[in-house]
1. Among residues belonging to the stretch 103-129 that are part of a loop (DSSP other than H, G, I, E, B) and open to solvent by 10 Å² or more (accessible area, probe 1.4 Å), point out the one that is farthest from Val18 (Cα to Cα).
2. Would you mention how many residues in the stretch 82-94 are among the small types (Gly, Ala, Ser) and open to solvent by 50 Å² or more (accessible area, probe 1.4 Å)?
3. Whether any residue in the stretch 9-21 is under 26 Å from Glu110 (Cβ atoms) and not polar (S, T, N, Q) is what I want to check.
4. Counting just the residues of the stretch 12-53 that are polar (S, T, N, Q) and part of a helix (DSSP H, G or I), which one comes out least open to solvent (accessible area, probe 1.4 Å)?
5. Could you please let me know if Glu100 is surrounded by fewer than 20 Cβ atoms within 10 Å (Cβ to Cβ), assigned to a helix (DSSP H, G or I), charged (D, E, K, R) and at pLDDT 95 or above?
6. Taking Ile9 as the residue in question, decide whether it is more than 30 Å from Glu76 (Cβ to Cβ), open to solvent by 60 Å² or more (accessible area, probe 1.4 Å) and of a type in the set (Val, Ile, Thr).
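The values are calculated or read from the model by the stated rules, or taken from the named source; none is laboratory data. Fair warning: this is a prediction, and the values are worked out from it, not measured in the lab. Don't worry about glycine lacking a Cβ; one is built from the backbone with ideal geometry, like all the others, and counts go over all protein chains shown. For the accessible areas, the whole protein counts, side chains as well, though only heavy atoms, and no ligand, DNA or RNA atoms are used. Shrake-Rupley method; radii C 1.70, N 1.55, O 1.52, S 1.80 Å.
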Amino acid sequence: MTKSFNDIIQQPGELIGVLERLTSGDEPIVKTAAASIDLVKPIFIVGIGSSYNAAIAISTMFQSQGIPAAAVDASEMLHFFSLPQESNVIVLSRSGSSVEIVKLLEHFAERKCTVVAVTNTDDSPLGRAANVLVSL
């Protein structure tokens, strides 16, 4: 078997492990992240590249529950989007240090947004700036 094939075979187990870690314990981080979102205020899910594709799926999940939410490409938000004050922003970024994401962090702070970061890199600019960090 090739390394790629082995990686593919291991994905279901890895995903289950991540889900168990995020939803277990005395205070699961997923509950903390959910509690930080004010459903009266706009919800934007932001990503770039494959993270944007995940943002689309997450916004669809919110919408299926009757919660208005929008997926926005980070580059589009940076250059062409007027972000309302005090919005909820869920930012998806593997590295947490994509140029567009880092530039948006100041914008989020100026607008007093609640930022939930979903990243693999806790000590990234995104991880450090977030109100809630969901570490994958």
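1. The initial filter retains those residues of the stretch 103-129 that are part of a loop (DSSP other than H, G, I, E, B), namely 111-113, 120-124.
Next cut, open to solvent by 10 Å² or more (accessible area, probe 1.4 Å) only: 111-113, 120-123.
Working: Arg111: 32, Lys112: 30, Cys113: 27, Asn120: 11, Thr121: 14, Asp122: 15, Asp123: 19 Å.
So, considering only residues that are part of a loop (DSSP other than H, G, I, E, B) and open to solvent by 10 Å² or more (accessible area, probe 1.4 Å), the one farthest from Val18 (Cα to Cα) is Arg111.
2. Within the stretch 82-94, the subset among the small types (Gly, Ala, Ser) is 82, 87, 93.
Then drop every residue that is not open to solvent by 50 Å² or more (accessible area, probe 1.4 Å), which leaves 82.
So the answer is 1.
3. Narrowing the stretch 9-21 to residues under 26 Å from Glu110 (Cβ atoms): none.
Taking every residue of the stretch 9-21 in turn, none turns out to be under 26 Å from Glu110 (Cβ atoms) and not polar (S, T, N, Q).
4. Let us first name the residues in the stretch 12-53 that are polar (S, T, N, Q), namely 23-24, 32, 36, 50-51, 53.
Remaining after also requiring part of a helix (DSSP H, G or I): 23, 32, 36, 50-51, 53.
On the way: Thr23: 85, Thr32: 44, Ser36: 33, Ser50: 64, Ser51: 18, Asn53: 99 Å².
Result: Ser51.
5. Values: surrounded by fewer than 20 Cβ atoms within 10 Å (Cβ to Cβ): yes; assigned to a helix (DSSP H, G or I): yes; charged (D, E, K, R): yes; at pLDDT 95 or above: yes.
Answer is yes for this residue.
6. Working: more than 30 Å from Glu76 (Cβ to Cβ): yes; open to solvent by 60 Å² or more (accessible area, probe 1.4 Å): yes; of a type in the set (Val, Ile, Thr): yes.
Here the answer is yes, as Ile9 does meet what is asked.
For (1) over 24 Å from Ser98 (Cα atoms); (2) in contact with a Pro (Cβ under 7 Å, 6 or more places away or on another chain); (3) aliphatic (A, V, I, L, M), each residue gets a yes or a no:
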site	(1), (2), (3)
Ile45	no, no, yes
Ala55	no, no, yes
Met61	yes, no, yes
Ser64	yes, no, no
Pro84	no, yes, no
